[in-house]
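One structure below.
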Amino acid sequence: MTVSATPAASTDDVVLQAVKLTKHFPVRRSASQLFGKSRAIHAVDSVDIVLRRGRVTALVGESGSGKSTVAKLLSQLERRTSGDIRLHGESVSVHGGRPFRQYVRKVQMIFQDPFASLNPTHTVRYHLTRSLRIHGNAGKSGADLQRALDALLTRVNLTPPERYIDKFPHELSGGQRQRVAIARALGADPEALLADEPVSMLDVSIRLGILTLLRDLKERLSLAILYITHDIASARYFADDTLVMYAGQMVEGGDSESVTQNPAHPYTRLLIEAAPDPDRIEAAEASGLAGDRAAGEPPSLIDPPPGCRFNPRCPYVMDICRVETPQHFVVGDSAGHWAACWLFDASIPKQPETHAPAVQA
Amino acid sequence: MKQPVLEIKNLNVDYGLGDNAVHAVREVHLTLHKGEVLGLAGESGSGKSTLAYGLTRLLPPPGIVAGGQVLYHAPSGDVVDVLRLSDSELRAFRWSEVSIVFQGAMNSLNPVHKVSTQLMDVIKAHEPGLSRDARLARARELLKLVGISADRLDSYPHQLSGGMRQRVMIGMALALEPQVVIMDEPTTALDVVMQRQILRQLVDLRERLGFSVIFITHDLSLLVEFSDRIAIMYGGRIVEEAEAHEIYRNPLHPYSEGLLRSFPALRGPKREVKGIAGSPPDLRSMPSGCSFHPRCPRAFEPCPDVLPILGPPDGYTLDTRTVACHLHPATIAVGAKEPVG
Ligand SMILES: Nc1ncnc2c1ncn2[C@@H]1O[C@H](COP(=O)(O)OP(=O)(O)OP(=O)(O)O)[C@@H](O)[C@H]1O
Ligand SMILES: Nc1ncnc2c1ncn2[C@@H]1O[C@H](COP(=O)(O)OP(=O)(O)OP(=O)(O)O)[C@@H](O)[C@H]1O
Ligand SMILES: [Mg+2]
Ligand SMILES: [Mg+2]
């Protein structure tokens, strides 16, 4: 049995949706490769994603698997190769000009990297004022603007605001810079927030503050939030749903607690196993477990492996995995939990030794 | 007997001059030993990057080293003060003796050159005698080391993901087989599988090549796993230093304890995660006494007035464990005594 990533219920809540989203980056051939077919980096292949009002969806997965590309496609910063993007059910394809500004007002992106996203020649005040103005949230008077600026800085815990407002990016620490970038996105007062590793440069205590803030915003402003992260524990705590990406494809999805506590896809299991855990040091060293299991290289995206893209590294690989791409199969432990893995196709008989450890219902 | 590679003595770094100066690093004493991974943790703005740039003399203006020494023990046995090297000596020192992976380094790749060209240039600078083919092979090897498939050698930086660029920078830092590698948040953009793989490689390489690592990150759980010793910074000062597992099992400074408690747990039942109350201090108006006292749940009578000295608490010596906290008073201050040897 297969499931679609979008349960039929409560479609009114859907803010942003992608259907079979695909992005291939062409590769220029060098002189030595003049023969052969044209090649491309398969950065995103046939990805479905749904962002709902008042929900945080975490997107985790391997570095280079296409998470940022998904966010850039959703924010229309990058043109899709194929597939569809729908805002409130309507297919959108806008690039530049007024329609583009209207779209980005509703769909704001926070970038992975605060060092690149702020202009070094401008102050915090300039960045935030510009965002408030472009999106019509600067108010009517200078006093309105000042209030809005103070509120933005306060929201991201840069307090007291006057300590930060006239600083240049280079006068701020890495973490402080990222908070300015977040404040700038909030300046648009968006409906959907695409946050690409918004906290990876922040230390734990501030990270907690920002994540609590994101959760708060989703509740108070009913924001639909895509939260791209490498910190799976934070996905467990702050995201309602979690999606896992590997080599350009979604491999697992479901509510965050099920995905993190009961991972089904062998890649997700590897990911969860590899998370830092000081309590486990001695145990892991004794068994060599995490170290060995982490072996194997990420696949080439120019020439991705046929079938399931994880098959060359998978400890449970079966013949079919090398040939056919798995659809989304129901895992069965909680509603909506699925995995793109042949192990969960009930119709395939499995050898006992290739059987995945049972997933508890 | 552990041999020191880098000895940082009473290092002070300011941004700006005179009354406007911000004291971002204060009276830091720290020793990195041969073959050791020294972790440096602390909240955003605590001065970790400033310390790293200060000791390699890579401070961006208006940063200046306001005092102190950084003694480098070369493999030849020579000891030099990095802060007194001439410009040409300094150029040789960087990269081949000490290499640094900057925070946000993924943006320091040159956008107009292929990854292969940039890696090969670094290798060429170090080993001019190598043939083009040998350099290409080495570049390929370095990419493999950091988990990037060889068919991406011809990629330009903008064609790589953030984590892939970060990995290229790590590969570059290792290309020259330096004595000391300083990594400032090197793996923030990596998934945990990759992160573990790269750090494991680094630890293996270190055992083979004998270099030392200063590993800066706010991810204390990662530090506990991968470093030998950990130093915790607060408001520009080191407030605790000990073996990694000791910091984890038995943090003495309430700030270290707070840092450890502020992680959400991936495993086990969900629990309420408490950060550290309040926010980091303003370097322009530091609290009196112990600068952590306004946020400290265990502050008592001397804390607002008296700056606690960093030194060994009861039962420890200068080179096993130090802490700057009135709860664990030290009798001798780090730096008060010349280290032996
Ligand atoms: N402009 C581009 N041209 C060519 N290839 C690209 C381009 N942008 C991204 N890619 C490739 O697409 C793939 C996915 O990249 P993406 O940045 O989406 O990964 P990611 O999952 O965000 O990784 P990370 O966790 O490291 O940030 C990578 O192989 C990357 O090299
Ligand atoms: N060019 C500068 N001018 C003035 N102050 C600066 C400058 N650069 C950094 N600072 C200040 O120095 C302090 C230390 O900054 P530093 O970047 O070393 O912190 P960090 O511990 O590395 O933080 P993070 O974890 O956010 O990277 C911060 O309070 C910062 O605002
Ligand atoms: Mg990314
Ligand atoms: Mg830093």
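Just going by the charge dipole of the protein assembly as shown, with Lys and Arg at +1 and Asp and Glu at -1 on Cβ, which of B:8, A:51, B:179 is farthest out on the positive end? Toward the positive end, the furthest listed residue is A:51.
What order, most packed first, do the peptides B:158-170, B:313-325 have when packing is the mean number of other Cβ atoms within 10 Å of each residue?
B:158-170, B:313-325
Using the Cβ-Cβ distance between residue A:324 and residue B:305 with R0 set to 60 Å, the FRET efficiency works out to roughly 0.25. Rounded to the nearest 5, the antiparallel percentage of DSSP beta bridges internal to the protein assembly as shown is 60%.
Protection proxy ranking of A:132-141, A:62-71, B:190-199, by the mean of other Cβ atoms within 10 Å over each peptide's residues and highest first, is A:62-71, B:190-199, A:132-141.
Residue A:40 to residue B:271: FRET efficiency via 1/(1 + (r/R0)^6), r the Cβ-Cβ distance, R0 51 Å, to the nearest 0.05?
Efficiency, rounded to the nearest 0.05: 0.65.
About the Cα centre, and with charges only on the beta carbon of Lys, Arg (+1) and Asp, Glu (-1), how big is the dipole of chain B? Nearest 20 debye, please. Result for chain B is approximately 860 debye, rounded to the nearest 20. Restricting the calculation to alpha carbons of chain B gives Rg and Dmax of 20.6, 68 angstrom. Listed by chain and number, the aspartates and glutamates placed with their C-alpha closer than 12 angstrom to that of residue B:144 are A:297; residues fewer than eight positions away on the same chain are left out. Can you give me the C-alpha center-to-center distance between segment A:147-223 and segment B:63-77, rounded to a whole angstrom? Using only Cα atoms to place each centre, the spacing works out to 38 Å. When the alpha carbon coordinates of the protein assembly as shown are projected onto the principal axes, the ranges are 73, 66, 50 Å, largest first. Please give the residues of segment A:146-185, grouped as numeric ranges, whose backbone N is less than 20 Å from a label point set 7 Å along the Cα-to-Cβ vector of residue B:90. Residues passing the 20 Å test: none.
Past the 27 Å Cα-Cα mark, which pairs from A:167/B:48; A:218/B:274; B:34/B:114?
B:34/B:114
Multiplying the residue separation of residue B:69 and residue B:134 by 0.36 nm and removing their Cα-Cα distance gives an extension gain of 19.5 nm. In this structure, the amide hydrogen of residue A:62, modeled 1.01 Å from its nitrogen in the peptide plane, lies closer than 5 angstrom to those of A:245, A:247, counting only residues at least 5 positions away or on a different chain. Starting from the amide H of residue B:101, placed 1.01 Å from N in the peptide plane, find each other amide H under 5 Å away whose residue is 5 or more places distant or on another chain. Under 5 Å from the amide H of residue B:101 lie the amide H atoms of B:182, B:183, B:184, each far enough along the sequence or on another chain. Top mean-square fluctuation among B:155, B:285, B:116, Gaussian network model of chain B, C-alpha springs under 10 Å? Residue with maximal mean-square fluctuation among B:155, B:285, B:116: B:285. Among residues other than residue A:54 with Cβ under 13 Å from its Cβ, the summed charge is -1 (Lys and Arg +1, Asp and Glu -1). Quick one: among B:24, B:134, B:189, which has the greatest mean-square fluctuation in a GNM of chain B with alpha-carbon springs under 10 angstrom? Most flexible of the set in this elastic network: B:134.
Computed over chain B, the per-residue total of -39500 (n - 2.57) for DSSP H runs of n ≥ 4 gives a 222 nm mean residue ellipticity of -8500 deg cm²/dmol, rounded to 500. Each Lys or Arg adds one and each Asp or Glu takes one away; over the other residues whose Cβ falls under 11 Å from the Cβ of residue A:84, this sums to +1. Distance between the modelled labels on residue B:314 and residue A:102, one decimal in nanometres: 7.3 nm (7 Å Cα→Cβ projection). Selection among B:150, B:108, B:134 by position relative to the dipole of segment B:69-198 gives B:150 as farthest towards the positive end (Cβ unit charges, Cα centre).
Helix B:162-175 axis versus longest C-alpha principal axis of chain B: approximately 80°, rounded to the nearest ten. For the peptides B:231-237, B:278-284, residues were scored by their other Cβ atoms within 10 Å and the scores averaged per peptide; the highest-first order is B:231-237, B:278-284. Computed with every protein chain present, the accessible area of residue B:274 is close to 140 Å² [probe 1.4 Å].
Within 10 Å of the Cβ of each residue in B:145-153, the mean number of Cβ atoms contributed by other protein chains is 4. Using a 1.4 Å probe and ignoring any ligands, DNA or RNA, find the accessible area of residue B:117 and quote it in Å² to the nearest 10. My reading of the accessible area for residue B:117 is about 50 Å².
Couplings for segment B:273-288, taken from phi via the Karplus curve 6.51 cos²θ - 1.76 cosθ + 1.60 with θ = phi - 60°, read 9, 9, x, 8, 4, x, 10, x, x, 7, 5, 7, 9, 5, x, 6 Hz in order; Gly and Pro are left as x. The phi torsions of segment A:126-140, fed into the Karplus equation with coefficients 6.51, -1.76 and 1.60 and a -60° offset, translate into couplings of 4, 4, 6, 4, 4, 5, 4, 5, 3, 9, x, 10, 8, x, 9 Hz, rounded to whole numbers, with Gly and Pro shown as x. In order along segment B:317-331, the Karplus-derived 3J(HN,Hα) couplings, from 6.51 cos²θ - 1.76 cosθ + 1.60 at θ = phi - 60°, round to 10, 3, 9, 9, 7, 9, 8, 10, 7, 5, 5, 10, x, 9, 9 Hz, and Gly and Pro are given as x.
Relative to the dominant Cα principal axis of chain B, helix B:115-126 is inclined by about 80°.
Take each residue in B:245-251, count the other chain C-beta atoms within 10 Å of its C-beta, and the mean is 1.
Put simply, the amide H of residue A:16, placed in the peptide plane, has neighbours under 5 Å in A:51, A:88, leaving out anything fewer than 5 places away on its chain. When the inverse distances between all different Cα atoms of segment B:122-168 are averaged and flipped, the Kirkwood radius reads 11.4 angstrom.
Residue B:261: net charge of surrounding residues, Cβ under 12 Å, Lys/Arg +1, Asp/Glu -1, itself excluded?
That works out to 0.
Cα centroid distance between segment B:1-51 and segment B:198-215, in Å? Between the Cα centres of segment B:1-51 and segment B:198-215 lies a distance of 21 Å.
Neighbouring Cβ atoms from other chains, within 10 Å of the Cβ of residues in B:155-166, number 4 on average.
The values are calculated or read from the model by the stated rules, or taken from the named source; none is laboratory data. In this text, all values refer to a predicted model and were calculated from it rather than measured experimentally. Every residue, glycine as well, gets a Cβ built from its backbone with ideal geometry; the counts of neighbours run over all protein chains shown. Note: accessible area is taken over every heavy atom of the protein model, side chains too, but ligands, DNA and RNA are not part of it. Shrake-Rupley method; radii C 1.70, N 1.55, O 1.52, S 1.80 Å.
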